[in-house]
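Chemist: Below is one structure. I have some questions about it.
The values are calculated or read from the model by the stated rules, or taken from the named source; none is laboratory data. Because the structure is predicted, anything quoted here is derived from the model rather than measured. Backbone-built Cβ (ideal geometry, glycine too); neighbour counts: all protein chains shown.
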Amino acid sequence: MSDLTFRLGSREYDSRARLVMAIVNRTPDSFYDKGATWREGAAFDRVRQVVEQGADIVDIGGIKAAPGVEIGADEEKERVVDFVAAVRAEHPDLLISVDTWRASVGRAVLEAGADILNDAWGGADPELVEVAAEFDAAVVCTHTGGVTPRTRPHRIEYDDVVADVVQSLVRQADRAVSVGVSRDRVVIDPAHDFGKNTWHSVEVTRRLDELVALGWPLLVSLSNKDFVGESLDLPVGERLTGTLAATAISAWHGAHIYRVHEVVETRQVLDMVSVLAGDLPPARTARGLA
């Protein structure tokens, strides 16, 4: 929608925004980087790298999404809270998001300086949005088809997956506002792969404009996902080109925030789409003028 405005931290954006959210995993078993930023020093290096590369947001997570060893709230806090505080101290103007579905963790990271609660599990803890409201923080509402956190979908079916996504996200977003989250601080995410098979994620991508039309800022998390790998029959480490193709389509449909592993490549794709859409001038225009 052309009149859309939304706020993250102290910053305001409009419908032309195409923001890069860089993933920083504080886990030893993440599916993509295999624990490359598990140690604190490596995680700090990752933050510094993505900031230098032009990331608008960092998204810090303490638990991988896939099934694995049970991680309680206390251990999740140990992985992310002090780290968030240290990142805030070193980068006072950086937008910090934390990927968690637990209200107790959300409270702790907001107290430590985070700006955004990225609830990847569709309101599994209903108190999370109440915490966001208390701190005037932004919150990401996601569609997971009711799947339990850290479980994979099994033969999940929808009459119309996009209709289900719309219904779930509108319900979650409206509830967030009803408990006090500022409307312009609510973000929606169809959550590719979460509660979906590849056909579902492809259909959602094809019809992203229907989600943009809802009037909430739209986040997409496409980076190296299984729907890309299955579409192209490629392993995790070879999905960048497919990810960028999906990114370009999502940007053309009007998505606003892109949660990614590869910042430079994503930024170039988003800037190119912005130029083609008339939202950004070319960096230079010497051809045919000299």
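Chemist: Which of the following residues is basic (Lys, Arg), touching a His at 6+ places or on another chain (Cβ under 9 Å) and modelled with pLDDT of 95 or more: Arg183, Arg207?
Modeler: From the options Arg183, Arg207, the qualifying one is Arg207.
Chemist: Sort through Arg259, Arg239, Arg175 and tell me the only one that's among the charged types (D, E, K, R), surrounded by 18 or more Cβ atoms within 10 Å (Cβ to Cβ), in contact (Cβ under 8 Å) with a residue 24 or more places away in the chain and out of contact with any Cys (no Cβ under 6 Å at 6 or more places or on another chain).
Modeler: Arg259
Chemist: Assuming Gln268 fulfils every condition listed in (1) modelled with pLDDT of 95 or more; (2) assigned to a loop (DSSP other than H, G, I, E, B); (3) over 16 Å from Val204 (Cα atoms); (4) not charged (D, E, K, R) apart from one, which condition is it?
Modeler: Only one criterion is unmet by Gln268, namely (2).
Chemist: Something else now. Going by the structure shown, is Val20 at pLDDT 95 or above, in a helix (DSSP H, G or I) and crowded, with 20+ Cβ neighbours inside 10 Å?
Modeler: no
Chemist: Sticking with this one: Within the stretch 180-210, which residues are surrounded by 16 or more Cβ atoms within 10 Å (Cβ to Cβ) and closer than 17 Å to Val139 by Cα?
Modeler: Answer for the stretch 180-210, where residues must be surrounded by 16 or more Cβ atoms within 10 Å (Cβ to Cβ) and closer than 17 Å to Val139 by Cα: Val181, Ser182, Asp184, Arg185, Val186, Val187, Ile188, Asp189, Pro190, Ala191.
Chemist: Within the bounds of the stretch 33-47, is there any residue that is in a loop (DSSP other than H, G, I, E, B) and of a type in the set (Asp, Glu)?
Modeler: Yes, some residue in the stretch 33-47 is in a loop (DSSP other than H, G, I, E, B) and of a type in the set (Asp, Glu).
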